[in-house]
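Presented below is the structure to which this report refers.
The values are calculated or read from the model by the stated rules, or taken from the named source; none is laboratory data. Here the structure is a predicted model, which means the values were calculated and not measured. All Cβ positions, even for glycine, are placed from backbone atoms using ideal geometry, and neighbour counts span all protein chains on display.
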Amino acid sequence: MKQELIKALKEKYALGAFNFVNLEMLKAIIEASLETDFPVIASVSEGALKYIGEEETVAMFKSAKKNAKVFLHLDHGKNLDLIKRTVDLGFDSVMIDASSFPFEENVKQTKEVVNYAHNKGVMVEAELGTLAGIEDEVKADKNIYTNPNEAKKFVELTNCDSLAVAIGTSHGAYKFSGESKLNMEVLSEIENLLPNTPLVLHGASSVPQKYVDLLNNFGGNVKGAKGVDEKLLYEACHKHNICKINSDTDLRITFTATIRKYLSENPEVFDLRKYLGAGKEEVKKLLIEKIKLLGK
């Protein structure tokens, strides 16, 4: 996975990192990768691991992956013991998110994870700065941009493989009340100081309005949901050093909207395979579009 990110850094594109919580979402990610012949990252949060089970997640991933170039990644790891367990279980990459702590403590925890993971050939993503919003067990009230000088010092002190930066994105479905904006000036400063470090953008769901409308039209209530303009995502990875772009909300909204529509139009159906399968297929379509946007 690190080699793929370095390649993306050099050639100016990004790998999509897509979160899953069940087999259908995972299969959508894998099938999208196979159909586009492009590498992707399948991410699980600590909350998803609790829901699926740690060993079950790895077994399901290995079984479903087949020949796809898909990497298994722990997203927003905060519990050091759990992070180490995922390393031992064979994850390709882990994220240590100690960004809520003071700089020194963030460095300390990140170094501990880096030393443990690198000994077993597992890459480490860290985070500096704060993204507002709520996603699973990650919560913050406001954005704090990543300080470029601190970012350089942080990478030098920790030897992390990639760095998640805060430039204006946020977690959840309500990212902007008006026009979506990212601070590309801060991003440019960071990449000038860290030209060889793959940078990561969290909270980067674009929240396609057609799926928001579909969800609301069939009984949902996510009115006003708004994500990051895809033009900004394109700029971040094709003109800057963002090499990994995370999406979770997009998949959730698309999956749920499709199932709501299917059940509403087919009230006689109670076969889970039919409506979960419909949700999987629609998520796969969404992911193929995203992979093409971010890829070469």
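Thr86: buried (at least 22 other Cβ atoms within 10 Å of the Cβ), more than 22 Å from Lys153 (Cβ to Cβ) and among the polar types (S, T, N, Q), yes or no? When the stated conditions are applied, Thr86 passes them. Taking the conditions (1) in contact with a Leu (Cβ under 6 Å, 6 or more places away or on another chain); (2) in a helix (DSSP H, G or I) in turn, Asn115 satisfies each one other than (1). Within segment 132-174, the set of residues being surrounded by fewer than 16 Cβ atoms within 10 Å (Cβ to Cβ), at pLDDT below 55 and not in a loop (DSSP other than H, G, I, E, B) comprises Ile134, Lys139. Across segment 69-105, the number of residues qualifying as assigned to a helix (DSSP H, G or I), under 17 Å from the mean Cα position of the chain (by Cα) and either without any contact (Cβ under 8 Å) to a residue 24 or more places away in the chain or farther than 13 Å from Leu49 by Cβ (or both) comes to 0. Residues of segment 15-64 that are among the basic types (Lys, Arg) and surrounded by fewer than 18 Cβ atoms within 10 Å (Cβ to Cβ): Lys50, Lys62.
I'm checking my understanding of the structure. Among residues of segment 244-296 that are of a type in the set (A, V, I, L, M, F, W, C) and surrounded by fewer than 16 Cβ atoms within 10 Å (Cβ to Cβ), which one is nearest to Ser205 (Cα to Cα)?
Going through the qualifying residues, I end up with Leu272.
At pLDDT 95 or above and among the small types (Gly, Ala, Ser) - does that describe any residue in segment 175-191? Yes, because at least one residue in segment 175-191 is at pLDDT 95 or above and among the small types (Gly, Ala, Ser).
Residues that are of a type in the set (Lys, Arg) and in contact with a strand residue (DSSP E or B) (Cβ under 9 Å, 6 or more places away or on another chain) were ranked within segment 39-94; the one that is farthest from Val114 (Cα to Cα) is Lys65. All conditions but one from (1) free of Cβ contacts under 8 Å to residues at least 24 places away in the same chain; (2) surrounded by 24 or more Cβ atoms within 10 Å (Cβ to Cβ) apply to Asn115; the one that does not is (2). Checked against the criterion of being at pLDDT below 95 and over 17 Å from Phe255 (Cβ atoms), the candidates Lys12, Lys66 yield just one match: Lys66.
When His240 is tested against (1) surrounded by 19 or more Cβ atoms within 10 Å (Cβ to Cβ); (2) assigned to a loop (DSSP other than H, G, I, E, B); (3) in contact with a Phe, Trp or Tyr (Cβ under 8 Å, 6 or more places away or on another chain), exactly one condition is not met: (3). Checked against the criterion of being of a type in the set (S, T, N, Q) and at pLDDT 95 or above, segment 89-98 contains one or more residues that satisfy it.
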